[in-house]
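Working notes for the structure below.
The values are calculated or read from the model by the stated rules, or taken from the named source; none is laboratory data. Since the structure is predicted, the reported quantities are computational estimates derived from the model, not experimental observations. Here Cβ is always computed from backbone atoms with ideal geometry, including for glycine, and neighbour counts include all displayed protein chains.
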Amino acid sequence: MKVINLDSSYELTQAQISFAESVMSFDRPYRLDKEYPCISLLTEHIPVYLFSEKSMPVDSLKYADDENEYLIHNDQTTLATPATDWLGFYQNRTSIYGVDTPIIGICPERIIRCVKNDEELILLIAKVIVHEFAHAQMNFHPRDSRHSNAYYNPVDLFYKWMEEPMANVITLERFYYFTTSYSAGFTFAKCSLTPTLINPFDYVKDFINRQPNNYRLGLDFYNQRFWKWWEWRNNKALISLKVTEKADWLNYVRLNVGGTTTKSDLERLFNALK
Ligand SMILES: [Zn+2]
């Protein structure tokens, strides 16, 4: 993973970088055989820039569904956590020296404000980086050189309630495999830098559970075993035209997020979109 400090007053430590790389290295092997660009491959090609707060180009209000959730977060008396994309972002086309290239940016200053200690910091930095690489994963299709569906990224309400929970369910999956493999003793050498007091998967689950509802929906997807992110990626342009079916999806997930979604309802509504 290439980390480049643009203008942040904070540098990532080698331990923080190695931890994030370790989480992303736990791809399921069969994915290499199908139509998945694995995240660990993308990390070799997409740089991660560190931005100061004033240089962050996007605002979480663009991504979080409920403005109140964002405002509540700024009141330090609550336990709410912000939209991941307030802490970092993915851009599929950024012009650098005249060349269009995808980049990931993170804002260490904002991430630090969301953690209680160094151990949480290493976990949240990894969580944000994995979430942003998950967006990248949903922007590339190995067999579609034009990425015609994957590049369709209008940030409308439906996108917020489909792309964001999908990015979080990919993140949860990566942390699950990392945490279970690590605790089972199948450790890579670099995992020895990993702090062990907090269970990484439990931390990420708890963080997502306190995020704005459209992000929190990713935890529902995980709990319901609703794995459809590659179908979303393959059909984004087509799905964008399904006005009625998009409204049905939104009505259901906004009403049921946080515990009353079911796998059969999610699959029925999702299949109607394709
Ligand atoms: Zn996101």
- Item | Filter result for E35 (modelled with pLDDT of 95 or more, surrounded by fewer than 19 Cβ atoms within 10 Å (Cβ to Cβ) and not small (G, A, S)) | no
- Scan the helices (runs of 4 or more DSSP H) fully inside the stretch 190-267 and keep the ones with 2 or more residues being charged (D, E, K, R) and either surrounded by 16 or more Cβ atoms within 10 Å (Cβ to Cβ) or within 16 Å of the ligand (Cβ to nearest atom) (or both). 213-223, 229-239, 243-256
- Could you give me the residue pairs with C-beta distances under 6 Å whose first residue belongs to the stretch 230-247 and is farther than 14 Å from N271 by Cβ, whose second residue is at pLDDT 85 or above and surrounded by 17 or more Cβ atoms within 10 Å (Cβ to Cβ) wherever it lies, and which are 6+ apart or on separate chains? R233/M138
- touching a Pro at 6+ places or on another chain (Cβ under 8 Å) and either at pLDDT 90 or above or over 17 Å from I125 (Cβ atoms) (or both), is that true of I72? no
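This table checks each residue for (1) touching a residue at least 12 places away in the same chain (Cβ under 8 Å); (2) surrounded by fewer than 24 Cβ atoms within 10 Å (Cβ to Cβ); (3) closer than 20 Å to S22 by Cα.
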site: L87; (1), (2), (3): yes, no, no
site: T94; (1), (2), (3): no, yes, no
site: G98; (1), (2), (3): no, yes, no
site: R110; (1), (2), (3): yes, yes, no
site: R113; (1), (2), (3): no, yes, no
site: L121; (1), (2), (3): yes, yes, yes
site: K127; (1), (2), (3): yes, no, yes
site: V130; (1), (2), (3): yes, no, yes
site: F140; (1), (2), (3): yes, yes, no
- Test H131 against the criterion of being modelled with pLDDT under 95 and either within 15 Å of the ligand (Cβ to nearest atom) or not hydrophobic (A, V, I, L, M, F, W, C) (or both), and give yes or no. no
- Could you tell me whether the stretch 91-99 includes any residue that is at pLDDT below 80, more than 16 Å from the ligand (Cβ to nearest atom) and of a type in the set (K, R)? yes
